[in-house]
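Undergrad: I am attaching a structure below and will ask some questions about it afterwards.
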Amino acid sequence: MPFSTPMAIAIFFTTWFTVLFAVLPFGVHSQQEEGNYVRGTDPGAPVAPKLWIKAVWTTVLTSLVFGALVIIVKVV
């Protein structure tokens with residue numbers, strides 16, 4: 001491992017949150033798009049954001065990105 005353990009954890013979590021923000025908009029439909037308004041909420045609020053599925057996808061994608069980063073750092 002080209003990084004110390006605390007550094008690797010910090011890089012992984014930073015990358016995880018970056019990928020999460022990239023994944024969050026996928027598959028989200030607003031209340032306005034669905035025509036299903038809940039009184040007192042914003043029409044742009046998501047109907048079913050499916051956060052657990054997005055967390056799993058984020059973890060998988062982050063693992064791939066982190067693995068590629070480790071390989072690149074080892075080679076260079």
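FYI, it's all coordinate maths here, none of it is from the lab. Worth saying up front: this structure is predicted, and the values here are computed from it rather than measured. Cβ placement follows ideal geometry from the backbone for every residue including glycine, while neighbour counts extend to all protein chains displayed.
Undergrad: For labels at S63 and T5 in the simple 7 Å Cα→Cβ model, what's the distance in nm?
TA: Output for this residue pair reads 2.0 nm.
Undergrad: Using Cα springs under 10 Å in a Gaussian network model of the chain, which residue among V28, V38, V47 shows the largest mean-square fluctuation?
TA: V38
Undergrad: Next question, about the same structure. Write down the radius of gyration of region 5-75 and its Dmax, each obtained from C-alpha positions, in Å.
TA: When restricted to Cα atoms, region 5-75 yields Rg and Dmax of 16.7, 56 Å.
Undergrad: Let me ask something else. Do you know the relative contact order of the chain, to the nearest whole percent, from alpha carbon pairs under 8 angstrom that are 6+ apart?
TA: That works out to 41 percent.
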